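Scroll down for the structure; my scribbles are underneath it.
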Amino acid sequence: MNEYAELQSEIARQEAQIEELEQLAQEKRDEIQRITQEYETTASDLKAGIHYAERIQRAVIPTDTEFKALFGDCFVYFVPRDIVSGDFYTYAASSDCKIAVVADCTGHGVPGGLLSMLGLSALKDLLSENVISMDLNPGEILDSLRKFVLTSLAESDESDGTTVRDGMDFTLCIFDNGMTHMRFATANHTIYVARNGEIIKLKGSRTPIGRHPKQDEPFESFTFDLQPDDMVYLCSDGIQDQFGGADDVKFTTRRLAEMLLDQSVNDTRTQLANISKIVDDWQAGRMQYDDQTLIGIRI
Amino acid sequence: METSATYHGPDTGCKKILDDNKQRIRELQATIADLDATIQAETERCANADIQNTAGIRYAQRIQRAAFPLKEIGGIFSDYFVFTKPLGIVTGDFYKALTIKNYKIFALADCAGHGVPGAFLTMLGIAALKESMAIHYNDDDIHPSEILGEMRQFVKTSLRSGNDGIDNINDGMNLTLCAFRNDGEGVVFAGANQNVYHYSNGATTSYCGDRMPIGWSFKGDGPFTETLIPAKKGDIIYLVTDSIQSQFGGPNNVKFSVKRLVAMLEAIAAMPLDEQKSVVAKTINDWVEGHILVDDLTVAGVRV
């Protein structure tokens with residue numbers, strides 16, 4: 001019986017150990033669940049925040065319907081890479097002119113979105129109704145905007161002394177109400193005009209709105225005569241820089257110009273559908289590289 | 001385990017139970033080792049995913065630091081401190097110091113929400129403030145109440161507030177704006193849902209801002225009011241985001257409250273300002289310790 005008692009106590013010891021181990025295993029399973037859940041909560045809170053920020057941004061950016069109400073026959077292709085966008089577009093109007101703007105802030109996603117909020121807010125005031133007219137110098141608007149960006153974003157932040165080199169590339173076009181001509185200025189952007197089977201590239205200044213060695217040179221203003229049926233395209237560099245195609249290369253400005261020329265004969269609704277498809281096919285499931293914005297206006 | 005019920009004698013049943021249990025212990029030990037490995041892998045996976053998710057936001061933090069750098073305040077006010085405790089990587093609180101003709105301006109705002117959407121609103125708020133200041137650039141006299149009204153208009157139009165469409169956002173911000181007269185003859189204060197505290201000769205006086213935000217309000221757009229605080233040279237003006245008084249914490253998990261806030265300010269007011277900052281930081285960090293931070297918190301002190 002002594003042996004029996006020993007065995008029984010050994011079994012009891014084992015059972016106690018088993019119970020302890022089972023409890024430990026359960027604790028570890030709970031721990032795993034806690035880790036996963038904690039991460040998922042953080043990630044979904046973050047995402048919810050970014051989605052809400054998107055709503056804030058979309059409130060500040062006009063809708064394509066509003067844009068169409070002003071420019072009539074036109075389309076707006078606006079495809080942010082992430083939920084919030086570093087690209088933005090906007091418009092302004094007074095009794096004698098209409099203004100179209102496309103901007104591309106450095107980066108994309110949240111930092112791009114923050115800069116776009118800053119740029120949009122500043123622009124809103126620069127383009128208030130009582131200021132704008134056909135006599136307005138588009139280059140001066142870009143100068144003012146640059147001044148705002150430079151004074152808003154300090155040269156270096158005190159923590160690590162690094163300079164925030166961010167800013168934005170920009171297109172601003174002022175059309176007279178009869179759409180006979182436009183005055184424009186650009187910062188690192190190109191405007192494309194499709195006319196009689198040809199593409200005309202309008203390049204303004206090659207400096208961004210932001211910190212740059214040439215930041216003291218004023219932005220140039222240009223005037224361009226329009227003809228009925230012209231298609232005027234304002235865009236960010238998102239499409240041309242998109243990798244894709246059979247050889248996984250950039251779309252390039254060459255393909256962009258060809259695409260716009262091909263599409264310019266179609267009505268604007270068809271153009272939007274075709275361009276969306278062409279860019280989608282080019283990307284073919286690859287990651288979108290940057291925010292993509294393209295606005296086409298029929299004169 | 002029904003071991004006792006299956007006992008058939010020391011040589012047969014017991015051995016089997018012992019062996020089975022041994023086997024079970026080995027299995028459990030292996031399972032635990034696996035679980036340990038899973039914990040480690042999952043911790044790493046989540047940490048990496050989090051780093052990826054927040055990479056953009058950490059970069060955005062740099063933009064915020066550049067949009068309202070501390071050194072900007074140092075260029076305008078000689079003796080001040082700002083303690084800020086953001087809830088996330090980016091913040092919905094911002095402070096801004098500006099000069100305009102006969103005044104030095106200090107503004108402290110708490111935008112709706114926190115994190116990324118709060119940060120988006122800070123950009124809007126900074127632009128609204130700068131644009132409003134631009135209107136008054138040449139004015140001999142500044143009226144903070146007017147500036148708040150102009151900012152409200154700017155914010156509401158920008159966000160399409162009040163419309164019934166799906167695009168409208170009825171958010172805004174709370175704001176304290178203090179205009180320090182260069183001749184030392186007082187500080188003009190206007191507040192939107194925020195208060196300001198004036199320390200002079202050992203006593204703290206609080207001034208309440210209007211109970212409406214810079215933004216849409218169901219109460220409509222009444223005019224903001226302003227108060228001339230009779231501050232003398234050497235006095236301290238404290239600007240505080242409202243979230244501090246409603247922060248739960250402490251041993252009894254209660255709100256920090258205005259009472260504790262004033263007590264804290266009175267306890268520090270005689271110290272040099274950089275020392276005040278350390279005490280404020282310690283007081284607030286201790287209060288929040290072990291509790292959930294509900295919003296970004298900021299306390300600023302400026303000597304007249």
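The values are calculated or read from the model by the stated rules, or taken from the named source; none is laboratory data. Model, not experiment: these values are computed from the prediction. When we count neighbours, we look across all protein chains shown, and the Cβ atoms used for this are built from the backbone with ideal geometry, even at glycine.
Where residues in the range A:172-212 are over 25 Å from the mean Cα position of the chain (by Cα) and outside any strand (DSSP E or B), which of them is farthest from residue A:95 (Cα to Cα)?
Checked the range A:172-212; the qualifying residue farthest from residue A:95 (Cα to Cα) is A:197.
For (1) within 23 Å of residue B:154 (Cβ to Cβ); (2) surrounded by 22 or more Cβ atoms within 10 Å (Cβ to Cβ); (3) under 13 Å from the mean Cα position of the chain (by Cα), each residue gets a yes or a no:
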| position | (1), (2), (3) |
| --- | --- |
| A:35 | no, no, no |
| A:41 | no, no, no |
| A:106 | no, no, yes |
| A:112 | yes, yes, yes |
| A:119 | yes, yes, yes |
| A:123 | yes, yes, no |
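Please specify each residue of the range B:25-54 satisfying the condition of being among the hydrophobic types (A, V, I, L, M, F, W, C) and within 9 Å of another protein chain (Cβ to nearest Cβ).
B:25, B:28, B:32, B:35, B:39, B:46, B:47, B:49
Would you pick out the residues in the range A:239-253 that are touching a Phe, Trp or Tyr at 6+ places or on another chain (Cβ under 7 Å) and either at pLDDT 95 or above or part of a loop (DSSP other than H, G, I, E, B) (or both)?
The answer is A:239, A:240, A:241, A:242, A:245, A:251.
Quick one: in the range A:82-104, of everything that is of a type in the set (Asp, Glu) and under 20 Å from residue A:184 (Cβ atoms), which residue is nearest to the chain's Cα centre (by Cα)?
The selected residue is A:87.
Using the structure shown, decide if residue A:8 is farther than 21 Å from residue B:39 by Cα and polar (S, T, N, Q).
yes
Can you name the condition, by its number, that residue A:269 falls short on among (1) over 20 Å from the mean Cα position of the chain (by Cα); (2) surrounded by fewer than 16 Cβ atoms within 10 Å (Cβ to Cβ); (3) free of Cβ contacts under 8 Å to residues at least 60 places away in the same chain?
For residue A:269, the failing item is (3).
Within the range A:63-88, take every residue that is crowded, with 21+ Cβ neighbours inside 10 Å and over 25 Å from residue A:265 (Cβ atoms) and give me the one that is farthest from the other protein chains (Cβ to nearest Cβ).
A:87
Within the range A:1-26, restricting attention to residues that are charged (D, E, K, R) and either modelled with pLDDT under 90 or surrounded by 13 or more Cβ atoms within 10 Å (Cβ to Cβ) (or both), which residue is nearest to residue B:112 (Cα to Cα)?
Step by step, filter the range A:1-26, then rank; the result is A:22.
Is there a residue being over 19 Å from residue B:114 (Cα atoms), part of a strand (DSSP E or B) and either more than 9 Å from every other protein chain (Cβ to nearest Cβ) or modelled with pLDDT under 90 (or both) anywhere in the range A:105-119?
The answer is yes, given that some residue of the range A:105-119 is over 19 Å from residue B:114 (Cα atoms), part of a strand (DSSP E or B) and either more than 9 Å from every other protein chain (Cβ to nearest Cβ) or modelled with pLDDT under 90 (or both).
Going through B:79, B:93 one at a time, which residue ends up being away from chain A (no Cβ under 14 Å) and surrounded by 22 or more Cβ atoms within 10 Å (Cβ to Cβ)?
Criteria check complete, one pass: B:93.
Among the candidates A:43, A:25, A:16, A:12, single out the residue that is more than 9 Å from chain B (Cβ to nearest Cβ) and among the small types (Gly, Ala, Ser).
None of the other options fit; the residue is A:16.
Among the residues of the range B:274-285, what is the count of those that are surrounded by fewer than 19 Cβ atoms within 10 Å (Cβ to Cβ), touching a residue at least 24 places away in the same chain (Cβ under 8 Å) and of a type outside the set (S, T, N, Q)?
Residues flagged as surrounded by fewer than 19 Cβ atoms within 10 Å (Cβ to Cβ), touching a residue at least 24 places away in the same chain (Cβ under 8 Å) and of a type outside the set (S, T, N, Q) within the range B:274-285 amount to 2.
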